[in-house]
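Comments concern the structure below.
The values are calculated or read from the model by the stated rules, or taken from the named source; none is laboratory data. Because the structure is predicted, anything quoted here is derived from the model rather than measured. Counting neighbours? That spans all protein chains shown, and the Cβs are built from the backbone with ideal geometry, glycine included. These accessible areas exclude ligands, DNA and RNA; they are computed on the full protein's heavy atoms, side chains included. Shrake-Rupley method; radii C 1.70, N 1.55, O 1.52, S 1.80 Å.
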Amino acid sequence: MKDLATINRELHQKQVQKVSQNDPSSVMPQVRLITISEEEAGQRIDNFLLRICKGVPKSHIYRVLRSGEVRVNKGRIDQLYRLVEGDVVRIPPIRVAETVAQVVPKLEFPIVFEDNHLLIIDKPAGVAVHGGSGVSYGVIEQLRASRPDAKFLELVHRLDRETSGILLIAKKRSALTNLHEQMRDGVTDKRYFTLVYGDWKNARQHIKLALHKYSTPEGERRVRVQADGMASHTVFTLQRKFKDFALLEAELKTGRTHQIRVHLSSSGFPIAGDDKYGDFPLNKALQKANAERGALKRMFLHAHQITFVHPETGKPTTVKAPLPAECLNFLQSLQNA
């Protein structure tokens, strides 16, 4: 005869076994061994783990790193270790939060340049470059969905959601790190076309205003001119004057968030259609055509040209994207007024 304690223990074991069989999330995670590929090489171990272990809090990732549970080639490493091709990374059992898989629509964008190292597209206005901040997905997620066989696709830089034009995507990690170095060293030359409201005077004008990033009470990211902010420099060249507007080319000497928009707005020349830093009554009026001009239903800011040293050939490369039809049509209406 079994005693009561034995019967209770066996019943409990059966219940646990039943739960484990019916609930996949209850199965304990296993140790993983991952061999680093050419495209994964060069990453810091902490960044690699944050990408691989999606849903795991950062604090837990750094805790298992400090404890030595993560090993590379069977040896302990610190969080600054950079992975090398062929490294074997041991990832300890980490329970990853179960998430519902999101369906990202496959979408390609107008391509202005592509080779084995780079993909350069002409991003439409109104499309985010990546998911986050209330946006489920952006350009990079849609490109990955449309190119499932691509081993590596990463944004080289960013464009505001409302800005159209040239966007660089690296197809190799070596290209990504090379172009990041060029941007840090000021080697790249990025040019934008923008239409501002006001009586612009100078053929060429330098604006140097320090910029400070902050968040609104609603959590929206904003930038303002502030003496102790980051040094920022934009060169504006007049392309054409109209009755109440001026078409400018903006040349970035630094690459701060919302730099062109804030430099112009703070100087008294808001960008037509800018819903963050612009002239809001003007933007509302521009939504509808009148006897003097057509309608403009977007921000007039377009990344039209970039020059860089190709990461593979070492040759200077210039890529251009023409103004979108909605911007060209608005300029034509101003010309005819």
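Among the residues of segment 282-324, those that are open to solvent by 40 Å² or more (accessible area, probe 1.4 Å), under 30 Å from H117 (Cβ atoms) and assigned to a loop (DSSP other than H, G, I, E, B) comprise E312, T313, G314, K315, P322. Residues that are open to solvent by 40 Å² or more (accessible area, probe 1.4 Å) and at pLDDT below 85 within segment 48-74 comprise L50, R51, I52, K54, G55, P57, K58, listed in sequence order. Checked against the criterion of being surrounded by 15 or more Cβ atoms within 10 Å (Cβ to Cβ), over 15 Å from the mean Cα position of the chain (by Cα) and within 30 Å of G219 (Cβ to Cβ), segment 106-113 contains one or more residues that satisfy it.
Put simply, of F269, F236 the only residue that is open to solvent by 20 Å² or more (accessible area, probe 1.4 Å), closer than 28 Å to L331 by Cα and either assigned to a strand (DSSP E or B) or touching a residue at least 12 places away in the same chain (Cβ under 8 Å) (or both) is F269.
The number of residues in segment 136-173 that are open to solvent by 30 Å² or more (accessible area, probe 1.4 Å) and either assigned to a strand (DSSP E or B) or of a type in the set (V, I, T) (or both) comes to 1. Across segment 122-135, the qualifying residues are those that are open to solvent by less than 70 Å² (accessible area, probe 1.4 Å) and on the phi > 0 side of the Ramachandran plot, and the one among them that is modelled with the lowest pLDDT is G132.
Applying a threshold of 6 Å to beta carbon distances and a minimum spacing of six or more residues, or different chains, the list of pairs starting in segment 19-40 at a residue that is closer than 20 Å to S174 by Cα and ending at one that is at pLDDT 50 or above and open to solvent by 100 Å² or more (accessible area, probe 1.4 Å) reads I36/E85; E38/E85; E39/K151.
So L119 ticks every box in (1) modelled with pLDDT of 90 or more; (2) assigned to a helix (DSSP H, G or I) but one. Which box is left unticked? The single condition L119 does not satisfy is (2).
One line per residue, one yes/no per condition, for (1) among the β-branched types (V, I, T); (2) at pLDDT 95 or above; (3) in contact with a helix residue (DSSP H, G or I) (Cβ under 7 Å, 6 or more places away or on another chain):
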position	(1), (2), (3)
D199	no, yes, no
R204	no, yes, no
P217	no, no, no
V225	yes, yes, yes
S232	no, yes, yes
K241	no, yes, no
R256	no, no, no
Q259	no, yes, no
G268	no, yes, no
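Residue count for segment 174-194 under the criterion of being free of Cβ contacts under 8 Å to residues at least 12 places away in the same chain and in a helix (DSSP H, G or I): the result is 2. Scanning segment 75-97 for residues that are open to solvent by 30 Å² or more (accessible area, probe 1.4 Å), of a type outside the set (A, V, I, L, M), part of a loop (DSSP other than H, G, I, E, B) and in contact with a strand residue (DSSP E or B) (Cβ under 8 Å, 6 or more places away or on another chain) gives Q79, Y81, G86. Checking segment 242-253 against the condition returns a match, with at least one residue being of a type outside the set (D, E) and loosely packed, with under 14 Cβ neighbours inside 10 Å.
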